[in-house]
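Scroll down for the structure; my scribbles are underneath it.
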Amino acid sequence: MTNPSYDEAQPGTELPPRQYQVTRRDLVRYAGASGDFNVIHWNERIAKSVGLPDVIAHGMLTMALAGRFLTEWAGDPGAITEYGVRFSAPVVVPDDDKGATVEFAGTVTERLEGNRVAVEVTARSDGTKVLTRARAVVRLK
């Protein structure tokens with residue numbers, strides 16, 4: 001993927017879409033790294049008993065994947081200067097080797113001073129929008 005320059009990133013510029021897989025193994029690793037061992041992220045029986053369809057990914061893991069999507073596009077892991085999302089639906093992670101697919105897309109909405117651009121991100125899993133108001137400011141070269 002070629003990383004965009006500030007001059008190339010005009011309002012309406014679409015980021016190349018990207019997909020990431022999330023497996024139960026990823027949830028275990030994320031729980032260990034984050035310290036979030038809430039049972040809805042690993043125990044199917046408990047998740048279903050509280051009304052969830054199955055085990056769900058940590059919301060902050062989904063948010064982190066959107067951040068990865070942006071930094072891979074920008075070509076710099078430190079490029080995000082502002083970032084926020086709202087969670088609209090969980091990412092349901094089945095107990096199989098495939099897991100869940102989370103699809104990301106984005107659009108530059110505004111050019112800002114200091115070689116920065118505002119980007120709106122969409123995230124979907126199994127056809128459902130999982131993030132809303134996902135917006136970031138990204139510094140480009």
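Each value in this text was obtained by applying a stated rule to the coordinates, not by laboratory testing. Computed from a predicted model, the values in this text were never measured in an experiment. Cβ sites come from the backbone with ideal geometry, for glycine too, and all protein chains shown count toward neighbours.
Some notes on this structure:
- Taken together, the criteria exclude ALA134 from residues that are over 21 Å from HIS58 (Cβ atoms) and not in a helix (DSSP H, G or I).
- Residue pairs meeting the criteria (Cβ under 8 Å; at least 6 apart or on separate chains; first within 15 Å of TYR20 (Cβ to Cβ), in the stretch 89-101; second aromatic (Phe, Trp, Tyr)): THR101/TYR20
- In the stretch 8-43, the qualifying residues are those that are charged (D, E, K, R) and within 12 Å of VAL108 (Cβ to Cβ), and the one that is surrounded by the most Cβ atoms within 10 Å (Cβ to Cβ) is GLU8.
- Scanning the stretch 66-88 for residues that are hydrophobic (A, V, I, L, M, F, W, C), within 29 Å of ASN43 (Cβ to Cβ) and surrounded by fewer than 20 Cβ atoms within 10 Å (Cβ to Cβ) turns up just one, PHE87.
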